[in-house]
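Working notes for the structure below.
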Amino acid sequence: MILEKIKSPEDLKKLSIAEMKELAGELRDTIIERVAINGGHLASNLGVIEITIALHKVFDSPKDKFIWDVGHQSYAHKLLTGRAESFSTIRQYGGLSGFPKIKESPHDAFGTGHSSTSISAALGIIEARDQKKEDFKVIAVIGDGAMTAGLAFEGLNHAGHLQKNLIVILNDNEMSISPNVGALSVYLNKIMTGDLYTKFKKETRSILGRIPKVGEPMPRIAEKAEGTVKGFFVPGMLFEELGFEYVGPIDGHKIEALIETLERFKDFSRPVLIHAITKKGKGYSLAEKNPCLFHGVGPFDIETGCQPASANPTFSEVFGNCLVNLAREDSRIIAITAAMTEGTGLTEFAKAFPKRFYDVGIAEPHAVTFAAGLAAQGLKPVVAIYSTFMQRAYDEIVHDVCLQKLPVIFAIDRGGLVGEDGPTHNGAFDLSYLRHIPNMVVMAPKDENEFQDLLKTAVSYNGPCAIRYPRGRASKIPDERDLRIIPIGKAEVLRDGNDILITAIGSSVLPAINASRLLEDAGISACVVNARFAKPLDADLLGSLAKDIKQVLTVEENTLEGGFGSAVLECLTELNIDGLKIKRLGLLL
C-alpha cells in the first residue's frame, strides 16, 4: 500500500499523479473501515480526499497552515501527517481527536469543531505572520454549508478589505449536514464551468473589439459587458465584489486540476477563493446516496450500512415525536433548527407540518431572533439546537428573547457529555449560561416520560424556557398516556432518607438513585430529589429538607462553575441553615 509509505507530507510530494489517485482510493478504504468500527464523520471526509492530497502536494505543512472548517473532514489530513499508525484510535479515549487539535500535531494549525470559523482564524494567522515578519502560506477549507453562517462573511469582508494573500477553498458539495437551504445556497448552485465562462468572455471581447468606436471607448463597454455576463452566469461575482479573486468552479475530485490551480495561485498577492465541486460520501455508494445518514454515524456494517438496532428511541426522537403530537393539538407551534433536521429529531415534524418547519441553515443567531419575531406575533416557536451550538446565539437569547419575555422554547439537544465527539461538542455549559439570563426558565428531565411532560409544560408556559436533554437513547419506550403540566420550579422527592440529601438534575437523576441504593446497602440513608428545574429552584422543598438533613450533595452533567450545584449553593446559603455542609459533583473543565 502507498499509504503505508507516507510517514509525512514530504513522502506524498514524491508521488506521481497516478500514485496519488491510487492513494486517494486507499485513504477512502481506510477511513470507511475505521469509521465502521469506531463511528465518526464519514461522508464529509470521503468528499475532501483529493483536495487534501493536492494541498499537501503543493504546500509545505506544517510551515504552511491549513485551517479545516468545522474540522470533521480532516481524517485524510491526519492520515497524511504522521498519524496513520494511530488512526485506529480516532474518537476513542486517549486517542486521536475527530477534529483538528493543536496539541495533537504541529500539522493542526488551529482547533476547529464549530462551523464557519476558518476564514476569520486564517486571516488572524496571516496578520500575526506579517506582524512577526514570517513567511508561510495560509489556506482555509470551508464547506458551502458553513459559508451560509454570518461569521464566514464577516471573515470574507475583513479579508477583502485587508487584501492579504489568503487562499480560501470553497468545498461545495451542495449540502452541510441536512440539505442546504437559503438564497446563498441557490446562488452557489448556479454552476457554470470556468472553461465555458472563459470562452464566452473571450468571444464577447472579440465581438465588441470589431465594432466601430462610437461614443464610449470599446474597452469600457467590454468591461461592463463582462461584469454583466459574469453576474448572470458565474457564482463568483459575490466573492469578487468582496475583494477576492474568484476561481472556478473546478472539479474537486480531479487531482491534476486541483494541483494546477493551487500552484497557479500559490503566490498570488491578493485573497483568492477557489470554488471546488465535490461529492459528499464519494467512493462509498451508500454514503453518496444518503450523506445525511453517514454524516456522523455510529459503528455500522460496511456491506449494508446498517447500525446495531435498538428498541429504545433516542432522546432526539422522543422530542421529535412528542412535538409532532403537541403540534397537532396547537397550531401555534413552529419548529426551527439550524442545519440539523435529522440530528435534532425533526424529520417527521418537517414531513407532517412543512409550512410550520424552518431549517435556517448554519445560522444559530438568526434562528433565535427569527423565533423571537414569531413569538412576538403570538406563535410558539421551538428552537432545537445542540447545546454546544446554542452557545453561538447567546446574545440573541438575552437581547431578543429573554429581555422581552417572549415565549420561545429552546430544545437543548446533547446537553452534557457527548463521548467520542470530544470537547468542542460537549454540552457542558448550558445550565451555566442559561441560568443567569433574566426571565429564563431552565429545566431538564430525568427520563423520557418526564421529558414529554416538560415539553408540554414549556408549550403551556407564557415566557422563555429551555429544556436540556442528553445525547443517546432513552431507558425505555415512553409510556402512552396523557401528558401533564408540571408546575414551574416544582421538584420531587424520589427516595426518602435522613443521612444525606442528594439533589440531582436531568441525566444525573437516575445515577443518583442507583447511588442511593448502594449507600443503603452500606447503611447510609439517602434522600434523593429530582430538581427538574435549574431555574427557578424549588427553594421551599430544598430548604425544608436541608434543615433536617445537614449533608447535601448536588449532582449534574454540567460544569460546576455557575451550574446547578452553584444554584443550590446560593439558594441554601441565603437560608442561613446552621451546620450545613454542601458538596457539588459535576464537570471540572
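The table below gives the values:
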| item | result |
| --- | --- |
| Antiparallel content of DSSP bridges confined to the chain, in %, to 5 | 15 percent |
| Magnitude of the charge dipole, the range 315-468, Cβ model with Lys/Arg +1 and Asp/Glu -1, debye to 20 | 500 debye |
| Spatially proximal lysines relative to K132 (Cα-Cα < 23 Å; intrachain offsets below 8 disregarded) | K63, K65, K103, K164, K266 |
| Euclidean distance of C-alpha centroids, the range 53-117 and the range 414-430, integer Å | 20 Å |
| Acute angle (nearest 10 degrees) that the helix 49-58 long axis makes with the longest principal axis of the chain, alpha-carbon atoms | 60 degrees |
| Longest exposed-site-free window of the chain, the sites being GluC sites (Glu not before Pro) in a DSSP loop that have at most 15 other C-beta atoms within 10 Å | 304-479 |
| Where trypsin sites (Lys or Arg not before Pro) fall in DSSP loop in the range 424-481, at most 12 other Cβ within 10 Å | K476, R481 |
| Length-normalised contact order for the range 315-468 - Cα pairs under 8 Å, 6+ apart - percent | 22 percent |
| Angle in degrees between helix 364-376 and the longest Cα principal axis of the chain, rounded to the nearest 10 | 60 degrees |
| Gyration tensor verdict on the range 16-109 (Cα atoms; rounded if a/c is under 1.5, prolate if a/b is larger than b/c, oblate otherwise) | oblate |
| Förster radius 30 Å - calculated FRET efficiency between E10 and E33, Cβ distance, rounded to 0.05 | 0.70 |
| Low-density loop positions, trypsin sites (Lys or Arg not before Pro), the range 1-60 - DSSP coil, at most 14 other Cβ in 10 Å | K7, K14 |
| Within the range 315-468, percent of DSSP bridges classed antiparallel, to nearest 5 | 5 percent |
| Value at 222 nm in deg cm²/dmol, rounded to 500, when DSSP H runs of n ≥ 4 in the chain each add -39,500 (n - 2.57) | -11000 deg cm²/dmol |
| Nearest-ten-degree value, helix 218-233 long axis tilted from longest Cα axis of the chain | 40 degrees |
| Net +/- balance of residues flanking A276 in space, Cβ distance below 9 Å, scoring K and R +1, D and E -1 | -3 |
| Alpha-carbon centroid distance for the pair the range 458-537 / the range 352-389, whole angstrom | 28 Å |
| Listed residue (N321, Y358, T347) projecting farthest to the positive dipole end of the range 315-468, Cβ model | Y358 |
| Distance between modelled label sites at T304 and H436, nm, 7 Å Cα→Cβ extension | 5.1 nm |
| Spin-label zone in the range 412-436 - amide nitrogen under 19 Å from a point set 7 Å from the Cα of L510 along the C-beta vector | 412-420, 427 |
| Correct option for Rg and Dmax of the Cα atoms in Å [calculated from the coordinates] among [x] 24.0, 75; [y] 27.3, 97; [z] 27.1, 104 | [z] |
| Tensor-based shape of the range 425-472 (alpha-carbon gyration tensor, a/c under 1.5 rounded, otherwise prolate or oblate) | oblate |
| Leading residue at positive end of dipole, the range 492-587 (Cβ point charges), from S507, C571, L541 | S507 |
| Lys, Arg +1 and Asp, Glu -1 on Cβ, resulting dipole of the chain about Cα centre, debye, nearest 20 | 1160 debye |
| Cα gyration tensor shape for the range 492-587, rounded if a/c is under 1.5, else prolate or oblate | oblate |
| Relative contact order [Cα under 8 Å, 6+ residues apart], the chain, whole percent | 11 percent |
| Signed unit charges on C-beta, dipole axis of the chain, positive-most listed residue L519, V418, F451 | V418 |
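Each value in this text was obtained by applying a stated rule to the coordinates, not by laboratory testing. Just so you know, these numbers come straight off a predicted model, no measurement behind them. Methodologically, a virtual Cβ is constructed for each residue, glycine included, from the backbone with ideal geometry; neighbour enumeration extends over all protein chains shown.
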